[in-house]
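Have a look at the structure below, then the notes.
The values are calculated or read from the model by the stated rules, or taken from the named source; none is laboratory data. Because the structure is a prediction, the values reported are computed rather than measured. Cβ sites come from the backbone with ideal geometry, for glycine too, and all protein chains shown count toward neighbours.
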Amino acid sequence: MPIIVNLDVMMARRKMRSKDLAEKLGITEANLSILKTGKAKAVRFSTLEAICEVLECQPGDILEYQK
Amino acid sequence: MYFRIGLEMNNRILKITALLARFMQAGYALLILFFLYLGISSFFNWPLPESVGANSWLKLNFSADEEIIDSSFNRVFFSVQSIGIYLLFILTLQALVKVISSIKSLNAFRKESIAEFRKIGMFIFLVFLIGAVKLSYINNSLSIEFSPDLEYLLIALLSWVIAEVFKEGNRLWEENELTI
């Protein structure tokens, strides 16, 4: 898929562990791993909102389009 | 609120269906034993009672179909055919129970259910094929009767259609599962 999820980069920059992030987002670690590995087919706006709020970033920092 | 009521009703239906399926499996297993006796009896000259369990609630009347007990060939053919059909019925019910348990655990749209419905279709189609041909040997002449039960064909096709529906459901379910 040409949409790349750069969640691990942002998490590393904020020094946040998967477990803590999943807990703060209210999703399971398994689902967070699906999101990180790029297996996810869609992201809910509510999830994206929560990620941006927790990591203090913009959606563009997490998602990237590559041809 | 409404959802919860609906869920409970569904659960009752699932329970009844699973129970009936198990009961029918036991019944078919009993019938297989009876037909095994019928098939083997002609080789060992075992006595063939006119009716088994005449005084109990379960009655098997062999004298009703006289042409079946007329010759040993008929007996063996009929019992082999019946055992095959009942075995397929047992396997069908087993697949049905598996589907029901997958619905109970909210995993109805996994790929396994599609395979189960395809299996059910295949089993019933085999029943249709096996049951369509009837060989009988009476008065030194072999007669072949071909009378397909279209109901079985319809059930087989119906379960294949359900398999296709579940395939579509599986696509939607996977997309929903992979939406974070």
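Do we find a residue being more than 24 Å from B:SER82 (Cβ to Cβ) and in contact with a Gly (Cβ under 6 Å, 6 or more places away or on another chain) anywhere in the range B:130-153? No: the range B:130-153 contains no residue that is more than 24 Å from B:SER82 (Cβ to Cβ) and in contact with a Gly (Cβ under 6 Å, 6 or more places away or on another chain). State yes or no: is B:SER147 modelled with pLDDT under 85 and either more than 14 Å from chain A (Cβ to nearest Cβ) or within 28 Å of B:ASN11 (Cβ to Cβ) (or both)? So B:SER147 does not fit the description; no. Out of all the residues in the range B:97-118, is one or more more than 14 Å from every other protein chain (Cβ to nearest Cβ), surrounded by 14 or more Cβ atoms within 10 Å (Cβ to Cβ), aromatic (Phe, Trp, Tyr) and not in a helix (DSSP H, G or I)? Yes; the residues of the range B:97-118 include at least one that is more than 14 Å from every other protein chain (Cβ to nearest Cβ), surrounded by 14 or more Cβ atoms within 10 Å (Cβ to Cβ), aromatic (Phe, Trp, Tyr) and not in a helix (DSSP H, G or I). Could you look through the range A:18-37, keep only residues that are in a loop (DSSP other than H, G, I, E, B) and over 12 Å from the mean Cα position of the chain (by Cα), and pick out the one that is farthest from the other protein chains (Cβ to nearest Cβ)? Taking the candidates together, the pick is A:GLY26.
Inspection of the range A:28-47 identifies no residue that is more than 25 Å from B:LEU172 (Cα to Cα) and not aromatic (Phe, Trp, Tyr). Restricting attention to the range A:38-67, the residues that are in contact (Cβ under 8 Å) with a residue 12 or more places away in the chain, within 14 Å of another protein chain (Cβ to nearest Cβ) and among the hydroxyl-bearing types (Ser, Thr, Tyr) add up to 1.
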